[in-house]
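The structure appears below as structure tokens.
The values are calculated or read from the model by the stated rules, or taken from the named source; none is laboratory data. As the structure is a computational prediction, the values presented were derived from the model and not from experiment. Cβ sites come from the backbone with ideal geometry, for glycine too, and all protein chains shown count toward neighbours. All accessible areas refer to the heavy atoms of the entire protein, side chains included, with ligands and DNA or RNA removed. Shrake-Rupley method; radii C 1.70, N 1.55, O 1.52, S 1.80 Å.
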Amino acid sequence: MYRAVTNRIEVSVEPYYLDDESNPEENEYIWAYAVEIRNDGDEPVQLKTRYWKIMDGLGRVEEVRGAGVVGEQPVISPGETFEYSSGCPLSTDSGFMQGSYGMERQDGTTFDVAIPAFSLDLPDAIRSMN
């Protein structure tokens, strides 16, 4: 599990390889990841935007930006957690992801929360940062 804390918002990510959905002969490798966002602060925050930087094993970078996550812009109250799962296809058998969430407080101020960098490696592969 990978973790990062920004302004008392903790983001935890657990990636896993989807062997049944991948097709290595066609250079199609599919990963899923479960995300948990916990608000350890004193006020509610709303997740407004997401940014992902995805790098494959050859160093090719894709950047993804958008509103919310999985079609939602959740409000996370103090002491509460929001969880979701998503996925990422790669054309190589390894890579990594990192990013940030754009959060908004009730007073309208915004801040970014770091998503920790995490490796996408086949289960039997030797793990290394790309």
Subject >> Charge sum, other residues only, whose C-beta stays under 12 Å from Tyr2's C-beta, Lys/Arg counted +1 and Asp/Glu -1 >> reply: -2
**OP:** Under 19 Å from a label point 7 Å along Cα→Cβ of Glu80: give me every residue in segment 92-113 with its amide N that close.
**Re:** 101-111, 113
Subject >> Accessible carbon and sulfur surface of segment 61-130 relative to its total accessible area, %, 1.4 Å >> reply: 45
Subject >> Where Rh is the Kirkwood radius over Cα pairs, Rg/Rh for segment 2-82 >> reply: 1.05
Subject >> Solvent-accessible heavy-atom area per residue, rounded to whole Å², over the chain at 1.4 Å >> reply: 55
Original post:
With r defined as the distance between the Cβ atoms of Glu62 and Glu25 and R0 fixed at 30 Å, what FRET efficiency is calculated, to the nearest 0.05?
Top reply: 0.85
